[in-house]
Amino acid sequence: VRGVTVPSFIYGTAWKEDLTAALVARALRAGFRGVDTANQRRHYHEEGVGVALTRSFERGELTRDEIFLQTKFTFPAGQDHRMPYDPHASVAEQVRQSFESSLEHLGVERIDSYVLHGPSVPSGLGDADRETWRAMEALHESGRARLIGVSNVRPDQIELLCEFAEVPPAFVQNRCFARMGWDAQTRRVCDERGIVYQGFSLLTANPEVLNHPALAD
């Protein structure tokens, strides 16, 4: 994707808490070369990801260039009290502070994919979304965020973002439900726009698939 090698299967690190470092290390040993996290302590332990990566690099098991590392900026509404930035700062400054915090947590000098964790409004785009995207574009232009993307987004929001963006999203990451057609409309927009679709929660969001008799057999 735009000169960046992206694995087809990425290890997600939400809700692993104090087991994050051990589970990421296990995933790396099992062959995962992509890791997804977020600077949102409410659901992720980004520092734990960094511990696992640093240990792997120090032991010579992997190099930084072998890992695709994706993290996210999350608006205050999606955070708990452990915010990685000053909530009273401008949106652009929040993005900058969150990004710098992510680099420190992860022990790296660049992020392969930096993702807006979700728009600030349920439909359309708000001023905060546009300001955030401009700040993310600046990080991309600096070379420290090699690709940028967006998560938890509706098809109309993708269209609006692409019309506004100077650097279009490389990725759209959405929870993907079987009962809702596997997010078909969003995937169609992504195909038309040349955006890579990342489906997440494919197992936990779809218990009816896991319980299907054929799969049980």
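The values are calculated or read from the model by the stated rules, or taken from the named source; none is laboratory data. Bear in mind that the values here come from a model prediction, so they are computed numbers and not experimental data. Note that we place each Cβ from the backbone using ideal geometry, even for glycine, and neighbour counts take in every protein chain shown. In case anyone asks, the SASA skips ligands and DNA or RNA and just uses the protein heavy atoms, side chains included. Shrake-Rupley method; radii C 1.70, N 1.55, O 1.52, S 1.80 Å.
Students often get this wrong: which residues of region 165-204 have the backbone nitrogen under 19 Å from the point 7 angstrom along Cα-to-C-beta of LEU215?
174-184, 198-204, by backbone N distance to the label point.
Which residues' amide hydrogens lie under 5 Å from the amide hydrogen of GLN198, considering only partners 5 or more residues apart or on another chain, with H built in the peptide plane?
Distant-sequence amide H within range of GLN198: VAL172, GLN173, ASN174.
Could the peptides 191-197, 70-76 be put in order, highest first, of the mean number of other beta-carbon atoms found within 10 Å of their residues?
By packing density, highest mean first, the sequence is 70-76, 191-197.
Probe radius 1.4 Å, ligands and nucleic acids ignored: give me the carbon and sulfur share of the accessible area of the chain as a rounded percent.
52
Hey, what do the phi angles of region 190-200 turn into as Karplus ³J(HN,Hα) couplings, whole Hz, using 6.51/-1.76/1.60 and θ = phi - 60°, x for Gly and Pro?
4, 4, 5, 9, x, 9, 7, 8, 10, x, 10
Counting only helical runs of four or more DSSP H residues, what would the 222 nm mean residue ellipticity of the chain come to if each run contributes -39,500 (n - 2.57) and the total is spread over all its residues?
Dividing the helical sum by the residues of the chain leaves -11500 deg cm²/dmol.
Would you mind getting the accessible area per residue of region 24-86, heavy atoms of the protein chains only, 1.4 Å probe, in Å²?
45
Quick one: Karplus J couplings for region 63-70, per residue in order, coefficients 6.51, -1.76, 1.60, θ = phi - 60°, nearest Hz, x for Gly and Pro?
After applying 6.51 cos²θ - 1.76 cosθ + 1.60, I find 10, 4, 5, 8, 10, 8, 10, 10 Hz.
Can you give me the accessible area per residue for region 87-153, using a 1.4 Å probe, in Å²?
40
Hey, what do the phi angles of region 98-115 turn into as Karplus ³J(HN,Hα) couplings, whole Hz, using 6.51/-1.76/1.60 and θ = phi - 60°, x for Gly and Pro?
5, 5, 4, 5, 4, 4, 5, 4, 8, x, 10, 10, 8, 10, 6, 9, 10, 10
Just to confirm my numbers, what's the Cα centroid distance between region 1-42 and region 170-190 in Å?
21
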